[in-house]
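Take a look at the structure below.
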Amino acid sequence: MSYPSVNKHLEAQGTTLEAATDAQMASAFLAAFCEDLPLGMTRVDELAGKTKSTGQRAMVTLNPNSDEGKQFSRLLGADIARRVLEQHHGVSFGFYNCCKGVAALTKDGLEMTLREQIEAQHPNFVDC
């Protein structure tokens, strides 16, 4: 997964990759996510907000072939990006398939049943 502006954001903090702290790198990633993937970040922010406000697991289904869906999958489909987003939002994220993302208050809340996985198979997104 590529986040083209991440090095620019490290530089803006007055640091380099070699000298940056973990906090500076996470900050650079978040800034890059907002700049490079604004549609996906809007959905991630909404998903986290819904989970925090309701205290319940929340899911979103996006067309994986849309710009929004592609950006969303670049954010939740990569382990490092997902970890940075989890630390930033204070929730856990999962990516159930190419079109369904989930957020929960804990990692245990992300566990999906077999029935839910079958239900998550969106009939319009067969070739995603």
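The values are calculated or read from the model by the stated rules, or taken from the named source; none is laboratory data. Computed from a prediction, not measured in an experiment: that's the story for all the values here. So basically every Cβ, Gly included, is an ideal-geometry build from the backbone, and we count neighbours across all protein chains shown.
If I go through the range 21-47 residue by residue, how many of them are among the aliphatic types (A, V, I, L, M) and out of contact with any Phe, Trp or Tyr (no Cβ under 8 Å at 6 or more places or on another chain)?
So in the range 21-47, the residues among the aliphatic types (A, V, I, L, M) come out as 23, 25-26, 28, 30-32, 37, 39, 41, 44, 47.
Narrowing further to those that are out of contact with any Phe, Trp or Tyr (no Cβ under 8 Å at 6 or more places or on another chain): 23, 25-26, 28, 30-31.
Residues flagged as among the aliphatic types (A, V, I, L, M) and out of contact with any Phe, Trp or Tyr (no Cβ under 8 Å at 6 or more places or on another chain) within the range 21-47 amount to 6.
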Does the range 81-91 contain at least one residue that is at pLDDT below 95, of a type in the set (A, V, I, L, M) and outside any helix (DSSP H, G or I)?
-> no
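When you scan the range 1-75 for helices (runs of 4 or more DSSP H) that lie fully inside it, which ones turn up with 3 or more residues that are in the same structural domain as Leu110 (by TED's automatic domain parsing) and surrounded by fewer than 16 Cβ atoms within 10 Å (Cβ to Cβ)?
Details: elements: 6-12, 22-36, 38-54.
Here the list reads 38-54.
Just wondering, is there one or more residues in the range 78-85 that are touching a Leu at 6+ places or on another chain (Cβ under 8 Å), touching a residue at least 40 places away in the same chain (Cβ under 8 Å) and of a type in the set (Lys, Arg)?
No, that holds for no residue.
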